[in-house]
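Asks: I am attaching a structure below and will ask some questions about it afterwards.
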Amino acid sequence: MTLLEIDGVEAGYETGQVLFGVDIDVERDEVVSLLGRNGAGKTTTMRAVVGADVPNVRSGSITFDGHDLLATPNYQIPRLGLTIVPEGRRCFEDLTIEENIRLGANHVDDPLPMASVFDQFPELDEMRDRPARNLSGGEKQMLAIARSLVANPQMILLDEPCEGLAPYIVRRIESIIEEISQERNVTVLLVEQNVAVALAVADRHYILDEGRIVEVVSTERLREDETLRQEYLGV
Amino acid sequence: MDGIGIQTLDRDALPISPGELVTSLVLFVLLAHAFAVRPGLFVDQLVGGLVYGLILVLVALGLSIILGLLGVVNFAHGAFFMMGAYLTFQVLTVWGLPFWATLFVVPVVVGLVGIVIERGVLQFVYDEDPLIGLLATFGIALMIDEATRAIWGGSPLSVTTPQILDSSIGIGVTTIARMRLFSVLVSVVVIVAVYLLIERTDFGLSVRAGVLDREMAEFVGVNIPLRFVVMFFIGAAIAGLGGVLRGAELGMDLSMGNQFIILAFVVVVVGGVGSLFGSVVSGILIGEATFLTPLVLRTLSETTNVAALNVSGIGGLMPFLVMIVVLLVRPRGLFGQEGFME
């Protein structure tokens, strides 16, 4: 059953159009990755889904669990069960870890208990009164995921969660994605430049190039088709 | 003006240098000298400065909240203060309601006017250059000024306060008017309430998040437009309450809005833009500097026989002198993390 359906979306900024008819379907309980080079339109796609002021979506439709997201104010989207871990983490730096997570829980109808989230992120539990600005990059990423997860969403959008992180933290993020997918049945749409991460956690892969979906491939094919990876991902 | 945050006390923001220590000691000696020479007048001025400073804080708090959350330099905020004072006259003298009613009715009415202005004008300028918001609110301030003149006339007005607030309390060296103590009490209650609302409630948490990163706050489900309306209501209502207290004690005139908005800007800049704690410290500092400096210089002039020390009108200059000194030493204000309009 399709949970998120992006259909023919054209979107862009004042400087020009970025997405040219993007189609993405994500089934319930899947982990799907959206891959592409810098500037391909991955983050623009994510921002269009969560109703950011920019980009401006000019045509197409985005439906989540039967709801038209383009007609929904962005602050109501978490209530529908869709949350985002944005590019750059964007933790509220002056707020404590606990306050950041509480914010994720406060504005939905059926949040997870805080204790359940801290059980999943014991490294955050130990310093819950510390301001986010004092955290390392990996800790901030975990906080951003915890803030998103506490809303008890049906689906999480993860935008470059492993960007700039040490390999052992990347492995921890991979295991978190597997846990939230398999144990909590959360559907995941993952944007990554690190193909190894996408190969490790995702079931299917959309490849975006210059604002267009050029391939939808299985993990097996992405792993084996070196020509495809070279042409669109440069790896 | 991204990044302006409502923050409270940051202990690392105010280390004391040797120069500041010496300055503090000199100030302490001067104040102690003034107190020893004229204790009664000193306490009078101390209380007067506290009342004046706290009313400045009430105006500056709303200004700081609106600047921090909405990114708008609200020039109409002084007009809310003046409107509060004139509505006190309306409620007491024209409608004949008791004084205590003004403490609730006036802030609510001024807050509702604030909502009309926020929804009717300001929501359309949030994403524009800050100058557009400044000009829009300046225009609104002029409209409120002229409407006030049309409704209540251009002459100063005054009201009668309840008998219980008319008398004074003796404290040995002098007497203090009960109205002044009442103003201090109400101001402190409001300041503490605002602090608790911002720092200790989930609503305040969502407001602080909106100040730090408006878009991300919306992504976690915070209804930011609703927060804007509520905080604008609170900011305008607090300024209106400041107008009630000022109007009840000293009456109301058309210049009070412009006079206080300039001083409130000084308070916000000296305290540090976006810092509520900074606004409280700065407001009291400026109030006391305004009231105590003339007395300190006068007693020093009498003791040393140097007539030039008794500078006429120095009190009115003090807010600006304090601002110059603070900005020279701390360009971001006492507790600010961002420069004004940075």
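The values are calculated or read from the model by the stated rules, or taken from the named source; none is laboratory data. Remember, it's a predicted structure, so these values are computed and weren't measured experimentally. A quick note on method: Cβ atoms are made from the backbone with ideal geometry, for glycine too, and the neighbour counts reach across all protein chains shown. Remember, those area values only see protein heavy atoms, side chains included, never the ligands or the DNA or RNA. Shrake-Rupley method; radii C 1.70, N 1.55, O 1.52, S 1.80 Å.
Asks: Return the total of residues in region A:203-235 being assigned to a helix (DSSP H, G or I), closer than 25 Å to A:VAL186 by Cα and open to solvent by less than 40 Å² (accessible area, probe 1.4 Å).
Replies: The qualifying residues number 2.
Asks: Hey, another quick one. Exactly one of these conditions fails for A:CYS162: (1) more than 17 Å from A:ARG28 (Cβ to Cβ); (2) out of contact with any helix residue (DSSP H, G or I) (no Cβ under 6 Å at 6 or more places or on another chain). Give me its number.
Replies: Exception for A:CYS162: condition (2).
Asks: OK, next. Looking only at region A:108-115, decide whether some residue is in contact with a helix residue (DSSP H, G or I) (Cβ under 9 Å, 6 or more places away or on another chain), buried (at least 20 other Cβ atoms within 10 Å of the Cβ) and β-branched (Val, Ile, Thr).
Replies: Within region A:108-115, not a single residue is in contact with a helix residue (DSSP H, G or I) (Cβ under 9 Å, 6 or more places away or on another chain), buried (at least 20 other Cβ atoms within 10 Å of the Cβ) and β-branched (Val, Ile, Thr).
Asks: Kindly state which helices (runs of 4 or more DSSP H) lie completely within region A:55-148 and contain at least 1 residues that are in contact with an Asp or Glu (Cβ under 9 Å, 6 or more places away or on another chain) and within 11 Å of another protein chain (Cβ to nearest Cβ).
Replies: A:77-80, A:97-106
Asks: Do we have A:VAL57 as open to solvent by less than 10 Å² (accessible area, probe 1.4 Å) and out of contact with any Phe, Trp or Tyr (no Cβ under 6 Å at 6 or more places or on another chain) here?
Replies: No; evaluated as a whole, the condition is false for this residue.
Asks: Here is a list of conditions, (1) without any contact (Cβ under 8 Å) to a residue 24 or more places away in the chain; (2) touching a Leu at 6+ places or on another chain (Cβ under 6 Å), and B:PHE219 meets all of them except one; can you say which number that is?
Replies: Of (1) without any contact (Cβ under 8 Å) to a residue 24 or more places away in the chain; (2) touching a Leu at 6+ places or on another chain (Cβ under 6 Å), only one is false for B:PHE219: (2).
Asks: Further, regarding this structure: Whether any residue in region B:269-289 is surrounded by 22 or more Cβ atoms within 10 Å (Cβ to Cβ), of a type in the set (S, T, N, Q) and not in a helix (DSSP H, G or I) is what I want to check.
Replies: Checking region B:269-289: at least one residue is surrounded by 22 or more Cβ atoms within 10 Å (Cβ to Cβ), of a type in the set (S, T, N, Q) and not in a helix (DSSP H, G or I).
Asks: Answer yes if at least one residue in region B:91-105 is free of Cβ contacts under 8 Å to residues at least 40 places away in the same chain, part of a helix (DSSP H, G or I), open to solvent by less than 10 Å² (accessible area, probe 1.4 Å) and within 20 Å of B:SER183 (Cα to Cα), and no otherwise.
Replies: For region B:91-105, residues free of Cβ contacts under 8 Å to residues at least 40 places away in the same chain, part of a helix (DSSP H, G or I), open to solvent by less than 10 Å² (accessible area, probe 1.4 Å) and within 20 Å of B:SER183 (Cα to Cα): present.
Asks: Next question. Is it the case that region B:98-114 has a residue that's within 13 Å of the chain's Cα centre (by Cα) and either closer than 26 Å to B:THR160 by Cβ or modelled with pLDDT under 95 (or both)?
Replies: No: region B:98-114 contains no residue that is within 13 Å of the chain's Cα centre (by Cα) and either closer than 26 Å to B:THR160 by Cβ or modelled with pLDDT under 95 (or both).
Asks: For A:TYR168, all conditions in the list (1) more than 22 Å from A:THR83 (Cα to Cα); (2) aromatic (Phe, Trp, Tyr); (3) crowded, with 18+ Cβ neighbours inside 10 Å hold save one; what is the number of the exception?
Replies: Exception for A:TYR168: condition (3).
Asks: Let me spell it out: the conditions are (1) more than 22 Å from A:ASP53 (Cβ to Cβ); (2) crowded, with 19+ Cβ neighbours inside 10 Å, and A:PRO86 meets all of them except one. Which number is the exception?
Replies: Against the list (1) more than 22 Å from A:ASP53 (Cβ to Cβ); (2) crowded, with 19+ Cβ neighbours inside 10 Å, A:PRO86 comes up short only on (1).
Asks: Given the options A:ASP65, A:ASP94, name the one that is touching a Gly at 6+ places or on another chain (Cβ under 6 Å), in contact (Cβ under 8 Å) with a residue 12 or more places away in the chain and either under 12 Å from B:PHE219 (Cα atoms) or open to solvent by 40 Å² or more (accessible area, probe 1.4 Å) (or both).
Replies: Exactly one of A:ASP65, A:ASP94 is touching a Gly at 6+ places or on another chain (Cβ under 6 Å), in contact (Cβ under 8 Å) with a residue 12 or more places away in the chain and either under 12 Å from B:PHE219 (Cα atoms) or open to solvent by 40 Å² or more (accessible area, probe 1.4 Å) (or both), namely A:ASP94.
Asks: Then there is this: Which of the residues spanning region B:106-134 are open to solvent by 50 Å² or more (accessible area, probe 1.4 Å), more than 14 Å from chain A (Cβ to nearest Cβ) and assigned to a loop (DSSP other than H, G, I, E, B)?
Replies: Result: B:VAL121, B:ASP129.
Asks: Can we say B:ILE262 is under 15 Å from the mean Cα position of the chain (by Cα) and surrounded by fewer than 19 Cβ atoms within 10 Å (Cβ to Cβ)?
Replies: It is true that B:ILE262 is under 15 Å from the mean Cα position of the chain (by Cα) and surrounded by fewer than 19 Cβ atoms within 10 Å (Cβ to Cβ).
Here's the yes/no breakdown for (1) part of a helix (DSSP H, G or I); (2) more than 30 Å from B:VAL47 (Cβ to Cβ); (3) within 11 Å of another protein chain (Cβ to nearest Cβ); (4) charged (D, E, K, R):
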| residue | (1), (2), (3), (4) |
| --- | --- |
| B:VAL189 | yes, no, no, no |
| B:VAL192 | yes, no, no, no |
| B:GLU199 | yes, no, yes, yes |
| B:GLY204 | yes, yes, yes, no |
| B:VAL211 | yes, yes, yes, no |
| B:ALA217 | yes, yes, yes, no |
| B:PHE228 | yes, yes, no, no |
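To keep it simple, each residue is scored yes or no on (1) at pLDDT 95 or above; (2) under 17 Å from B:PHE89 (Cβ atoms).
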{"site": "B:GLY210", "(1), (2)": "no, no"}
{"site": "B:PHE219", "(1), (2)": "yes, no"}
{"site": "B:PRO225", "(1), (2)": "no, no"}
{"site": "B:VAL229", "(1), (2)": "no, no"}
{"site": "B:PHE232", "(1), (2)": "no, no"}
{"site": "B:ALA237", "(1), (2)": "yes, no"}
{"site": "B:LEU241", "(1), (2)": "yes, yes"}
{"site": "B:MET252", "(1), (2)": "yes, yes"}
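Asks: Here's a follow-up. Looking only at region A:174-193, which residues are over 12 Å from the mean Cα position of the chain (by Cα), in a helix (DSSP H, G or I) and under 26 Å from A:ILE213 (Cα atoms)?
Replies: If the condition is that a residue be over 12 Å from the mean Cα position of the chain (by Cα), in a helix (DSSP H, G or I) and under 26 Å from A:ILE213 (Cα atoms), then A:GLU174, A:GLU178, A:SER181 are the ones that fit.
Asks: On to the next question. Among all residue pairs at least 6 apart or on different chains, which show Cβ distances below 9 Å where the first residue, located in region A:209-229, is modelled with pLDDT under 95 and the second is polar (S, T, N, Q) and open to solvent by 40 Å² or more (accessible area, probe 1.4 Å)?
Replies: A:GLY211/A:GLN17
Asks: Here's another thing I want to ask about it. Give the residue that is farthest from B:VAL222 (Cα to Cα), with candidates limited to residues of region A:20-54 that are within 14 Å of another protein chain (Cβ to nearest Cβ) and surrounded by fewer than 16 Cβ atoms within 10 Å (Cβ to Cβ).
Replies: A:VAL54
Asks: Does B:VAL222 fit the bill of being open to solvent by less than 50 Å² (accessible area, probe 1.4 Å), more than 10 Å from chain A (Cβ to nearest Cβ) and within 15 Å of A:GLY104 (Cα to Cα)?
Replies: Judged against the criteria, B:VAL222 is not a match.
Asks: Any residue in region B:10-21 that is open to solvent by 10 Å² or more (accessible area, probe 1.4 Å), among the polar types (S, T, N, Q) and within 25 Å of the chain's Cα centre (by Cα)?
Replies: no
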